[in-house]
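Student: The following block contains the structure, expressed as structure tokens.
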Amino acid sequence: MPQVVEWVNAGPDDLVYRYPDENIVWGAQLIVHEYEYAVFFRDGKSYDTLGPGRHTLTTLNLPLITKVLQKIAGFQQTPFKANVIFVSNKQFAGKFGNRAQTTELAPLMTFGSFWFRVEDASLFVNEVVGGQNAYTTADVNNFLRGFVNEKMIDSLSKYDLQTVFTKLDVTSNDVKANLVDYFKRIGVQMIDLKFEGIDTTPEFRDRLFWLKTGRVSPDEVIRMETVKDAAASLGKSTGGGAAFGAGMVLVPPLFQTSGGTAPAVALVVCPNCQAHIPSTSKFCPNCGTNITSSETQPAAAPGKKCPKCNSIASAGATFCQNCGAKLT
């Protein structure tokens, strides 16, 4: 009875199968079912590929492996050594999930599904099955999932956070286009790819919220985060009350624009009511006196005058900081 080489009881999710006996007899019956290919693999390389049908194995339908065997003395001996790899070319679905980074190093967590089919069985066996020692469906699926994740991380790293989230259709199409080219190199056709979830950390989620409003520039968002981080650090080191007070001091310089803050305005004394008013005033805001037609004097610094050395101390001082005399 002739040897029968066949993939028996292939399941709907089975992608690849290696015939367990590598001793192949000339004249053996090779049965390849619909949606299958049989690839002869030897010495780390794929040779002849046969499609669906019943094949009697001869040197005529195995020309490539025959050339290899001709270099060996007694090549017509039977059996000869070769692995028969069956590959299904049905459409399959796979899952992906990865952690990537954007151009500003924002972390991205993505997951979803992709659909594919083996287009070139010989190339697929060379690059994936034999090249990666993935001789089972589970091994192949693990390789393809890792392959998708690796290439997707490379693609997403070219985008900033706002683009990924606000133009996901553009991003996913670009990722898919890149994967189509990569998959062709291993004999696989990428049919479709869909993001089912994408997220980032709370810190960058807040940044995305402000950017999406369109009212805040990226630089302003970074300054806001700096203030938030500074306040948090002060809160840890000095306690809630002290941190809040220090935070109120920190906020103005952190939010100061490139043009700087407005310079302080000098004060003068109103000649009528003696109120301290801005030197740029035309009329006294306290009594209405016309300042432009009156003579004014610079306002003295608020505080107490020392009776001994005549220096000015702060309003709440009890002793002179210059000579130590008691202030009245």
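The values are calculated or read from the model by the stated rules, or taken from the named source; none is laboratory data. Keep in mind that what you see is a predicted model, and the values were worked out from it rather than measured. Note that each Cβ is placed from the backbone with ideal geometry, even for glycine, and that neighbours are counted across all protein chains shown.
Student: What are the residues in the stretch 133-173 that are β-branched (Val, Ile, Thr) and surrounded by fewer than 18 Cβ atoms within 10 Å (Cβ to Cβ), if any? If you could, list the steps in order and put the result at the bottom.
Tutor: The first filter runs over the stretch 133-173 and keeps only residues β-branched (Val, Ile, Thr), leaving 136-137, 140, 148, 153, 163-164, 166, 170-171.
Within the stretch 133-173, 136, 137, 153, 163, 166, 170 qualify.
Student: Looking only at residues in the stretch 60-75 that are assigned to a loop (DSSP other than H, G, I, E, B) and at pLDDT 90 or above, which one is surrounded by the fewest Cβ atoms within 10 Å (Cβ to Cβ)?
Tutor: Initial filter on the stretch 60-75 (assigned to a loop (DSSP other than H, G, I, E, B)): 60-62, 71-75.
Subsequent filtering for residues that are at pLDDT 90 or above retains 60-62.
Details: 60: 8, 61: 12, 62: 22.
Checked the stretch 60-75; the qualifying residue surrounded by the fewest Cβ atoms within 10 Å (Cβ to Cβ) is 60.
Student: Shifting gears a bit: Which residue, of 78, 103, is exposed (fewer than 15 other Cβ atoms within 10 Å of the Cβ), assigned to a loop (DSSP other than H, G, I, E, B) and either in contact with a Lys or Arg (Cβ under 9 Å, 6 or more places away or on another chain) or modelled with pLDDT of 90 or more (or both)? Steps first, answer last, please.
Tutor: Numbers: 78 fails: either in contact with a Lys or Arg (Cβ under 9 Å, 6 or more places away or on another chain) or modelled with pLDDT of 90 or more (or both).
None of the others qualify; the one that does is 103.
Student: Given the conditions (1) in a helix (DSSP H, G or I); (2) without any contact (Cβ under 8 Å) to a residue 24 or more places away in the chain, which single one is not true for residue 125?
Tutor: The one condition residue 125 does not meet is (2).
Student: Being in contact with a Leu (Cβ under 7 Å, 6 or more places away or on another chain), part of a loop (DSSP other than H, G, I, E, B) and surrounded by 15 or more Cβ atoms within 10 Å (Cβ to Cβ) is the filter here; which residues of the stretch 1-54 pass it?
Tutor: Residues satisfying the conditions are 26, 28.
Condition check ((1) within 41 Å of the chain's Cα centre (by Cα); (2) in contact (Cβ under 8 Å) with a residue 40 or more places away in the chain; (3) over 22 Å from residue 9 (Cβ atoms); (4) not assigned by TED's automatic domain parsing to the domain that holds residue 126) across all residues:
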| position | (1), (2), (3), (4) |
| --- | --- |
| 29 | no, no, no, yes |
| 36 | yes, yes, no, yes |
| 46 | yes, yes, yes, yes |
| 49 | yes, yes, yes, yes |
| 52 | no, no, no, yes |
| 59 | no, no, yes, yes |
| 64 | no, no, yes, yes |
| 67 | no, no, yes, yes |
| 78 | no, yes, yes, yes |
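Student: Can residue 167 be described as among the basic types (Lys, Arg), farther than 23 Å from residue 39 by Cα, without any contact (Cβ under 8 Å) to a residue 40 or more places away in the chain and touching a strand residue (DSSP E or B) at 6+ places or on another chain (Cβ under 6 Å)?
Tutor: Working: among the basic types (Lys, Arg): yes; farther than 23 Å from residue 39 by Cα: yes; without any contact (Cβ under 8 Å) to a residue 40 or more places away in the chain: yes; touching a strand residue (DSSP E or B) at 6+ places or on another chain (Cβ under 6 Å): no.
No.
Student: Kindly list, by first and then second residue, each pair from a residue in the stretch 140-163 that is in a helix (DSSP H, G or I) to a residue that is small (Gly, Ala, Ser) and buried (at least 19 other Cβ atoms within 10 Å of the Cβ), limited to pairs with Cβ atoms under 8 Å and residues at least 6 apart or on different chains.
Tutor: 140/134; 142/134; 143/134; 152/100; 153/100; 156/100; 161/106
Student: Could you tell me which of the residues 97, 130, 112 is out of contact with any Cys (no Cβ under 8 Å at 6 or more places or on another chain), crowded, with 20+ Cβ neighbours inside 10 Å and farther than 17 Å from residue 189 by Cβ?
Tutor: On the way: 97 fails: crowded, with 20+ Cβ neighbours inside 10 Å; 112 fails: crowded, with 20+ Cβ neighbours inside 10 Å.
Just a single option satisfies the conditions, and that option is 130.
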